[in-house]
Each structure stands twice: as C-alpha cells, then as structure tokens.
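Just below is one structure, and these are the notes that go with it.
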Amino acid sequence: MERALLLFWSRGYGETSVQDLVDALVLERGSLYGAFGDKRQLVAALQDGPVLPALREVLANPARAQEYASDAGVPQGCMIGNTTAELVPYDAEAREIVARSHVLIDALRAESA
C-alpha cells in the first residue's frame, strides 16, 4: 500500500497507469484488479491504511511534519492539494474525495486538540 501511495504522490493520479501500479506493487494485472478493482478503488483502500496514524501524529505535532516526510522518503507537497490541482476541476468524484478528506482532517485536528 505504501508503494502505491508513493507512486500516486510522486507521479499524480492521472499519470500513474495501471502498468505503473503492477510494476511498483510486483503484482500481476489480474491480481491488482482482483484485489482492488480499478485505480479509484485502490485509492479508496489507501484511505483506510496505515496513513491515518501518521496523519494523526503530524496533526498533533505539526512542527515535525517535514521530518516525517523526509523519513518516509515522501515527495514534498500535500496529497490533497495535489489531487485538488490535478483532478478537482473536471472530476466530480475527486471533488467528493477531497471534500471528505477535509472533513476527516478537521475531525482529526479536533480530536488532537
């Protein structure tokens, strides 16, 4: 899951092909489709992955956000911001995902306060 997240983060959703995912995840194309369906379902699965504990920690300690990004080898930039710039102008489902992400972040921020 982390490989998929980093791939989407570094290349963007639109520029990440199914073949890129197959190569990065070392899966057969049929296994990827069998496990996740399409790219959107894989992204939805990432929302329930190990990202949430890290996000909670970053929100609780915002001064350490850069350190977490560097430690993980994560490209700079906000995944939500990147998605907003890349997909939101023409993709209703992306707008919905970004809106839900903002609600989740607000809830995590309130929980951390």
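Here, each number is a calculation from the coordinates, and none is a lab measurement. Since the structure is predicted, the reported quantities are computational estimates derived from the model, not experimental observations. Every residue, glycine among them, receives a Cβ derived from its backbone with ideal geometry; neighbour counts consider all protein chains shown.
Neighbours of K39, meaning other residues whose beta-carbon lies under 15 angstrom from its beta-carbon, give a summed charge of -3 when Lys and Arg score +1 and Asp and Glu score -1.
Along region 97-113 the Karplus relation, 6.51 cos²θ - 1.76 cosθ + 1.60 evaluated at θ = phi - 60°, assigns HN-Hα couplings of 5, 5, 4, 5, 5, 5, 4, 4, 5, 4, 5, 5, 5, 5, 5, 7, 6 Hz to successive residues, with x for each Gly and Pro.
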